[in-house]
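The values are calculated or read from the model by the stated rules, or taken from the named source; none is laboratory data. Since this is a predicted model, take the numbers as computed values, not measurements. With ideal geometry, Cβ positions are generated from the backbone for all residues, glycine too; neighbour counts draw on all protein chains shown. Accessible surface is based on the protein model in full, side chains and every heavy atom, while ligands, DNA and RNA are left aside. Shrake-Rupley method; radii C 1.70, N 1.55, O 1.52, S 1.80 Å.
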Amino acid sequence: MLSRILNRFKVKKGRRQKLNTLRESLSEDTKLGVEFTFNTIEKASISIGKNCHLDGHWQIYGELRIGSNVSFRRGTLISITSKVVIGDNVFAAENVFITDNDGHPTDPGYRKEMTETPPGSDLWKPFHAKVATTPIVIEENVWIGKNAIILKGVRIGKNSIIGAGSVVVK
């Protein structure tokens, strides 16, 4: 079953290693949603527990640890350059955004340099050293409501509920 799900991804030249990295991380009972896509690099570390349902777009350039019985619905966007740890029994509704990084440098001089450089160059890569990043931990039994945003450096405690539309910064 898992191999049939993964085989629906069009593997372009040079992307087979990325697909193998994901395949090695999934248990047979993990389900990937219809809209599931991912980007990763060779140095990324991925660990996914049993009985998970993952959907949305995942950018994994650092370390991802997911427990068992975890569900992320469609529209999810997760961007990892450092580390994201998600405990057991976490449920996230649609359109949740989780990022352990700023996505761009906060230094105005460096941002100016980026605007003068074509997109796709090393300056635009999300794991570039000039982008601030801090790990995120989401403990067990957490529910994340629709359209919630979880930003870098956050630790969400056990049995928490993040309301729909919330922006979590601390």
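If the condition is being in a loop (DSSP other than H, G, I, E, B), small (Gly, Ala, Ser) and open to solvent by 10 Å² or more (accessible area, probe 1.4 Å), then segment 31-61 contributes ALA44, GLY49.
Within segment 117-164, the residues that satisfy the criterion of being at pLDDT 95 or above, among the charged types (D, E, K, R) and part of a loop (DSSP other than H, G, I, E, B) are GLU139, GLU140, LYS146, LYS152, LYS158. When the criteria are applied in full, SER71 meets the requirement of being touching a His at 6+ places or on another chain (Cβ under 7 Å) and not basic (Lys, Arg).
For segment 78-97, indicate whether the set of residues that are modelled with pLDDT of 95 or more, basic (Lys, Arg), open to solvent by 70 Å² or more (accessible area, probe 1.4 Å) and closer than 20 Å to GLU35 by Cβ is non-empty. The answer is no; no qualifying residue exists. Is it fair to say ASN69 is part of a loop (DSSP other than H, G, I, E, B), without any contact (Cβ under 8 Å) to a residue 24 or more places away in the chain, open to solvent by 60 Å² or more (accessible area, probe 1.4 Å) and within 24 Å of ALA164 (Cα to Cα)? For ASN69, the condition - part of a loop (DSSP other than H, G, I, E, B), without any contact (Cβ under 8 Å) to a residue 24 or more places away in the chain, open to solvent by 60 Å² or more (accessible area, probe 1.4 Å) and within 24 Å of ALA164 (Cα to Cα) - is met. Within segment 72-88, residues that are within 14 Å of VAL142 (Cβ to Cβ) have Cβ atoms under 6 Å from residues that are open to solvent by 40 Å² or more (accessible area, probe 1.4 Å) and basic (Lys, Arg) in these pairs: VAL85/ARG65, counting only partners at least 6 apart in sequence or on another chain. Listed by first and then second residue, the pairs linking a residue in segment 146-164 that is closer than 16 Å to LEU77 by Cβ and free of Cβ contacts under 8 Å to residues at least 24 places away in the same chain to a residue that is basic (Lys, Arg) and open to solvent by 30 Å² or more (accessible area, probe 1.4 Å), with Cβ atoms under 9 Å apart and 6 or more places separating them unless they lie on different chains, are VAL154/LYS170.
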